[in-house]
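The values are calculated or read from the model by the stated rules, or taken from the named source; none is laboratory data. These numbers come from a predicted model, not from an experiment. Reconstructed Cβ throughout: ideal geometry from the backbone, glycine too, with neighbour counts over all protein chains shown.
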């Protein structure tokens with residue numbers, strides 16, 4: 001919390017984005033030192049004149065305590081490059097946002113996410129395709145990412161929620177502002193079953209210039225981007241461009257060559273995007289056909305070295321706690337208390353007085369997790 005104020009401070013400075021902030025951190029060592037740096041040292045770093053002026057002016061006028069209170073009052077989580085729970089997919093893009101405001105909850109399982117984007121003026125065909133893809137993807141354990149806009153974005157969010165899945169909305173304004181306003185109810189449902197995120201400070205209005213840069217976050221949070229319907233100038237194509245530059249897969253839904261609404265999608269397909277005719281096209285390309293099984297496996301794997309040490313000696317044959325403690329090289333009391341928790345998690349089963357076996361499902365998941373198939377199609381969950 002002590003350093004959060006400085007991250008929030010830099011987030012207020014126009015002209016200091018990911019690249020310049022990274023340079024400041026490399027030069028001064030940490031966010032506090034960078035914020036407090038003397039003007040002479042900042043000039044040595046050769047910040048351009050406008051960025052330097054903006055920083056010095058913002059630093060003089062900004063009360064960092066007020067920024068912290070605003071975040072607290074808005075009940076918003078703030079993630080920074082220093083946060084251990086900063087989304088791993090987003091962290092790996094070259095221009096990841098130094099500060100990410102989150103309203104709702106981001107889960108580890110959201111790393112299996114796909115963006116669905118498209119025009120605000122969706123046709124009946126585009127709307128039905130977006131609804132079907134979002135619904136079937138969440139049924140296969142995928143989180144849907146989009147931009148909360150009217151049209152394809154809103155349909156994708158709503159379909160994900162209606163099918164009992166999770167969805168993430170990336171905003172071109174502060175997370176305390178809902179845009180468009182007629183998506184207020186949808187936004188509240190997203191907060192309850194996913195998250196709204198933005199790298200813009202609280203109170204930022206939805207200006208048109210904010211939306212293209214936010215698209216890098218939509219693609220950055222996702223394994224791939226599906227463009228459902230896009231004309232020649234659709235903002236969805238900007239998201240696709242970001243995805244390509246980030247090394248993410250791009251998918252497009254084919255449409256009539258006579259329809260202006262599908263010029264963008266058809267050009268993406270011509271230029272190498274993967275075609276989508278059914279949800280399996282996406283799942284197979286991204287190796288997500290067994291995603292639900294992989295998620296279940298992750299939930300039943302040992303969570304710490306003590307659990308792992310004990311579990312490695314559990315088999316289908318009952319073993320006394322004394323024997324497990326000796327094999328694992330752990331104190332009896334530690335083994336006893338850990339086994340109680342492992343039983344609650346579904347890792348182990350008690351089959352008699354102080355006798356334990358490995359839960360069948362957990363053993364299968366554990367063994368699969370430690371085997372990589374020769375064809376390279378199976379991935380370790382670690």
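Points worth noting:
- The selection criterion, being part of a helix (DSSP H, G or I) and more than 26 Å from residue 233 (Cα to Cα), holds for residue 110.
- Those residues of the stretch 289-336 which are under 30 Å from residue 110 (Cα atoms), part of a helix (DSSP H, G or I) and modelled with pLDDT of 85 or more, in sequence order: 305, 306, 307, 308, 309, 310, 311
- Qualifying residue in the stretch 92-105 (condition: buried (at least 16 other Cβ atoms within 10 Å of the Cβ) and in a helix (DSSP H, G or I)): no
- Leading residue by the ranking (surrounded by the fewest Cβ atoms within 10 Å (Cβ to Cβ)) among those in the stretch 241-265 that are in a helix (DSSP H, G or I) and out of contact with any helix residue (DSSP H, G or I) (no Cβ under 6 Å at 6 or more places or on another chain): 260
- Just one of the listed residues (339, 283) is under 30 Å from residue 255 (Cβ atoms), at pLDDT 75 or above and not in a loop (DSSP other than H, G, I, E, B), and it is 283.
- Checked against (1) assigned to a loop (DSSP other than H, G, I, E, B); (2) in contact with a strand residue (DSSP E or B) (Cβ under 8 Å, 6 or more places away or on another chain); (3) farther than 19 Å from residue 142 by Cβ, residue 268 passes all but condition (1).
- Residue count for the stretch 242-273 under the criterion of being over 28 Å from the mean Cα position of the chain (by Cα) and in contact (Cβ under 8 Å) with a residue 40 or more places away in the chain: the result is 3.
Per-residue answers, yes or no, for (1) out of contact with any helix residue (DSSP H, G or I) (no Cβ under 9 Å at 6 or more places or on another chain); (2) in the same structural domain as residue 198 (by TED's automatic domain parsing); (3) not in a helix (DSSP H, G or I):
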site	(1), (2), (3)
8	no, no, no
15	no, no, yes
32	no, no, no
53	yes, no, no
58	no, no, no
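- Summed over the stretch 106-157, residues that are under 14 Å from residue 222 (Cα atoms), in contact with a helix residue (DSSP H, G or I) (Cβ under 7 Å, 6 or more places away or on another chain) and surrounded by fewer than 21 Cβ atoms within 10 Å (Cβ to Cβ) total 3.
- Any pair with Cβ under 8 angstrom, 6 or more apart, that starts in the stretch 303-315 at a residue that is surrounded by fewer than 18 Cβ atoms within 10 Å (Cβ to Cβ) and ends at one that is at pLDDT 90 or above and part of a loop (DSSP other than H, G, I, E, B): 306/330
- Of the numbered criteria (1) in contact with a helix residue (DSSP H, G or I) (Cβ under 9 Å, 6 or more places away or on another chain); (2) more than 30 Å from residue 223 (Cβ to Cβ), the one residue 49 fails is (1).
- Scanning the stretch 245-255 for residues that are within 22 Å of residue 112 (Cα to Cα) and out of contact with any strand residue (DSSP E or B) (no Cβ under 6 Å at 6 or more places or on another chain) returns 245, 246, 247, 253.
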